[in-house]
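Derivation of every value follows stated rules applied to the coordinates shown; laboratory data play no part. Remember, it's a predicted structure, so these values are computed and weren't measured experimentally. Here Cβ is always computed from backbone atoms with ideal geometry, including for glycine, and neighbour counts include all displayed protein chains.
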Amino acid sequence: MSICCIRGAITVEENTRENILYNSKLLLNEIIKKNNININSINSVFFTATKDITKVYPAVAAREIGICEAGLMCVQEMFVEGSLEMCIRVLITANIDINQKDVKHVYMKNAKKLRPDLSDKKNICVAIDGPAGSGKSTIARIIAKELNFIYVDTGAMYRSVALYCINNNISTNDNKKIINILDNIDIKIDYINDIQNIFLNEENVTELIRNQIVADGASKVAAIKEVREKLVDIQRKIALNKDVIMDGRDIGTHVLPNAHVKIYLDASIDERTKRRCNELKENGIAFKEDEIKKEIVKRDNYDKNRKESPLKQAEDAIFIDTSSMKIEDVKNEIIKIIKRV
Ligand code: DC
């Protein structure tokens, strides 16, 4: 027997007494079960909780499951920007029959994000970044279907924020106002017949966000730090326990820095203009080719030169120039890379 320290963490869904106690017990019981701990051999249970948890001390759960002799303690965590919300962490010391190096730490629910190496299932994350028209979304959608991954189009989220601003007469240049109303914006993604649908405050806006005015607005709101923090949080939660292929501008550099595969797609400006014009032609929308080219260059500049998570290739991303490649060939090349992983 030796004294071992076992760590664990779990997130709660609601700041209510019931939910906090339910999750704290879930965590403690899982640690006890996984490490074959006799309750009477526990010496101390030390909890920390993020400051959004206020309704009850998680330590109460320890008493309720019969940990009576151990020293119990609970403190509020210091706030660290960008850290997980509604999270309870625990450190247990106990006399057990295993060595410290063999103890099983337990991370549950969204807290798995803190230790992806310990989560039960190793889901695959594929990050595809690149400028508008590089072929990201077309390719990502096809690959997701073929490999049965979830496809996440993060651009649609920035577009939805822009649409909210446009619908509510808020200039997409008015950063201060946008930050103030950010809490009024609820964005959800759902899959209908395997196709990503995006909901802005419960309204399905999947089609409404597909126009140039919204795209320009999206590029502007995407430069606001607070907007990015809100959307990146949603994106990371989606990728937590599913096989995902996510496309955007900062997926490999910021959203999923530990993605198993990172691809950076690009194509010449002329080819990207041609693709965009063909798309408009197919939808019966009138356009002037030189204006489309100007719009793409303008958006590229905006996305690449902003301060917050600008569009750039992650150091460990694989670069593919799709200018003279067929969709099928790009798809096959990326699938080959994913299968290798
Ligand atoms: O990919 P898209 O055209 O739908 O993206 C719209 C805008 O959103 C784009 O100009 C930049 C921004 N964006 C971003 O900043 N980060 C992402 N991960 C995705 C999109």
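In the chain, the ratio of gyration radius to Kirkwood radius, Rg to Rh, stands at 1.06 when only Cα atoms are counted. Relative to the longest principal axis of the Cα atoms of the chain, the long axis of helix 269-282 makes an angle of roughly 80 degrees. Pairs of Cα atoms nearer than 8 Å and 6+ residues apart set the relative contact order; for the chain it is 19 percent.
Between Ser83 and Lys145, the simple label model (points 7 Å from Cα in the Cβ direction) yields a spacing of 4.4 nm.
Less than 5 angstrom separates the built amide H of Ile318 from those of Lys262, Ile263, Tyr264, all sequence-distant by 5 or more or on a different chain. Using the Karplus relation 6.51 cos²θ - 1.76 cosθ + 1.60 with θ = phi - 60°, the per-residue 3J(HN,Hα) values for region 91-100 come to 10, 10, 10, 8, 7, 9, 8, 10, 7, 3 Hz, with x marking Gly and Pro.
Comparing Cα centroids, region 136-173 and region 22-50 end up 41 angstrom apart.
A Förster distance of 35 Å, applied to the separation of the beta-carbon atoms of Ile179 and Asn43, puts the FRET efficiency at 0.15. In loop segments of region 1-74 as defined by DSSP, the GluC sites (Glu not before Pro) with at most 13 further C-beta atoms inside 10 Å of their C-beta are Glu13, Glu14, Glu69. Helix 17-34 and the longest principal axis of the C-alpha atoms of the chain enclose an angle of approximately 70°.
Sparse packing (at most 16 other Cβ atoms within 10 Å of the Cβ) combined with a DSSP loop state is found for the following chymotrypsin sites (Phe, Trp or Tyr not before Pro) in region 1-102: Phe79. Of the DSSP beta bridges with both residues in the chain, give the percent that are antiparallel, rounding to the nearest 5. That works out to approximately 50 percent antiparallel. Sequentially through region 199-215, phi angles give Karplus couplings (6.51, -1.76, 1.60; θ = phi - 60°) of 10, 10, 6, 6, 8, 6, 10, 3, 7, 5, 8, 8, 8, 5, 5, 5, 4 Hz, Gly and Pro residues having no value and appearing as x.
By per-residue mean of other Cβ atoms within 10 Å, what is the highest-first order of 294-305, 126-137, 51-62, 147-158? Display every interim value, and only then the final one.
Values: 294-305: 15.2, 126-137: 24.6, 51-62: 18.5, 147-158: 20.6.
Output ranking for 294-305, 126-137, 51-62, 147-158: 126-137, 147-158, 51-62, 294-305.
Seen against the Cα atoms of the chain and their longest principal axis, helix 327-340 is set at about 20 degrees.
For Leu208 and Glu229, what is the calculated FRET efficiency with R₀ set at 25 Å and r taken between the beta-carbons, to the nearest 0.05?
According to the calculation, E is roughly 0.55.
Taking Cα centre as origin and charging only the Cβ of basic (Lys, Arg, +1) and acidic (Asp, Glu, -1) residues, the dipole magnitude of region 1-87 rounds to 320 debye.
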